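To keep things clear, I will list the structure first and then write my remarks on it.
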Amino acid sequence: MEPLWTPSPERAAETRLAAFLKATGRSSYADLHAWSVAEPAPFWAAAWDVCGVVGEPGDVVMVPGESIPETVWFPDARLNVVDTLLHRTGPEPAMLFRGEAGDHRDVSWDELHRMVSRHQQLLASVGVVAGDRVAAIMANTPDIYAVMLAAASIGAVFTSVSPDFGVAAALDRFGQIEPRVLFASDGYHYGGKRFTVVDKVAELTAAIPSVEHTFVASYVGDEGALPEPLQRSADALAAFEPAPVTTAPLPFDH
């Protein structure tokens, strides 16, 4: 079968893969792939360096096991993915959000840092530590990325579902991981319609005994009083001033 599209040599030469080939002295993709299979340790050491992963890789790349699942990678490494994802600052856009209802929001790198900082401080204030779980049932807006990055910066595990999930479906996902904190949107837009989910979030909160705090972000403008124990995210976040985002150095397989 003929490929639907093939890049020009000029365009292919400008790709990150071409840069990786050049940095590792490989002549082609086939050569690179063969090297990765024959010598995985130097291949992945090069991938760490060339891809600009922020952190300390340690001296050992891999401890071979009898099979790939039993192999231990970067056993001495310490890193946090947030250091790599938030390596930029400045007024340039980090995210361009466009919603179905015509709403839009451009988030700069500096603003994203501020958003993550406030969410990080909020999570720390309610006692979230590395290994805890943070869940979200939120619309795909910039806020959910701030929650994810804040959780990861601490070393908490983040998981999410779409706000159009029913209570039973969300409970199937969240019930088995026992999250301590739940973030939610007040609703979402779909098919030209506006849906509010505050009652569903309250029901979900009550059904997960491990949830200690539920924070609701305004998206569809449902500004009515929230049922207890739900709290407005904006009110909770307002208590914190932006500060540099700190990150917990974690093992590679954290």
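The values are calculated or read from the model by the stated rules, or taken from the named source; none is laboratory data. Keep in mind that this is a model prediction, so the values were computed, not measured. Here Cβ is always computed from backbone atoms with ideal geometry, including for glycine, and neighbour counts include all displayed protein chains. To get the accessible areas, we keep the full protein, side chains included, count just its heavy atoms, and leave off ligands, DNA and RNA. Shrake-Rupley method; radii C 1.70, N 1.55, O 1.52, S 1.80 Å.
Side notes on the structure shown:
- Checking Val72 against (1) free of Cβ contacts under 8 Å to residues at least 40 places away in the same chain; (2) out of contact with any Ser or Thr (no Cβ under 6 Å at 6 or more places or on another chain); (3) open to solvent by 40 Å² or more (accessible area, probe 1.4 Å); (4) not polar (S, T, N, Q), the condition it does not meet: (1)
- The selection criterion, being out of contact with any helix residue (DSSP H, G or I) (no Cβ under 6 Å at 6 or more places or on another chain) and loosely packed, with under 14 Cβ neighbours inside 10 Å, does not hold for Gly90.
- The strands (runs of 3 or more DSSP E) located wholly in segment 132-190 that include 1 or more residues which are out of contact with any helix residue (DSSP H, G or I) (no Cβ under 6 Å at 6 or more places or on another chain) and either closer than 19 Å to Glu212 by Cα or among the charged types (D, E, K, R) (or both) occupy 133-137, 157-161, 181-185.
One line per residue, one yes/no per condition, for (1) surrounded by 13 or more Cβ atoms within 10 Å (Cβ to Cβ); (2) in a loop (DSSP other than H, G, I, E, B); (3) more than 24 Å from the chain's Cα centre (by Cα):
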| residue | (1), (2), (3) |
| --- | --- |
| Arg194 | yes, no, yes |
| Leu204 | yes, no, no |
| Ser210 | yes, yes, no |
| Val216 | yes, no, no |
| Tyr219 | yes, yes, no |
| Glu223 | no, yes, yes |
| Ala239 | no, yes, no |
| Pro244 | no, yes, no |
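- Positions within segment 148-174 being open to solvent by 40 Å² or more (accessible area, probe 1.4 Å) and within 19 Å of Ser218 (Cα to Cα), in sequence order: Met148, Ser160, Ser162, Asp164, Phe165
- Selection of first residues in segment 81-105 that are in contact (Cβ under 8 Å) with a residue 24 or more places away in the chain and of second residues that are part of a strand (DSSP E or B) and acidic (Asp, Glu), restricted to Cβ pairs under 9 Å at least 6 apart or on distinct chains, gives the following pairs, ordered by first then second residue: Met95/Asp106; Phe97/Asp106.
- Residue check for Leu79: open to solvent by 40 Å² or more (accessible area, probe 1.4 Å), within 30 Å of Ile144 (Cα to Cα), under 17 Å from the mean Cα position of the chain (by Cα) and modelled with pLDDT of 95 or more: no
- Check on Glu56, more than 26 Å from the chain's Cα centre (by Cα) and either modelled with pLDDT of 95 or more or surrounded by 12 or more Cβ atoms within 10 Å (Cβ to Cβ) (or both): no
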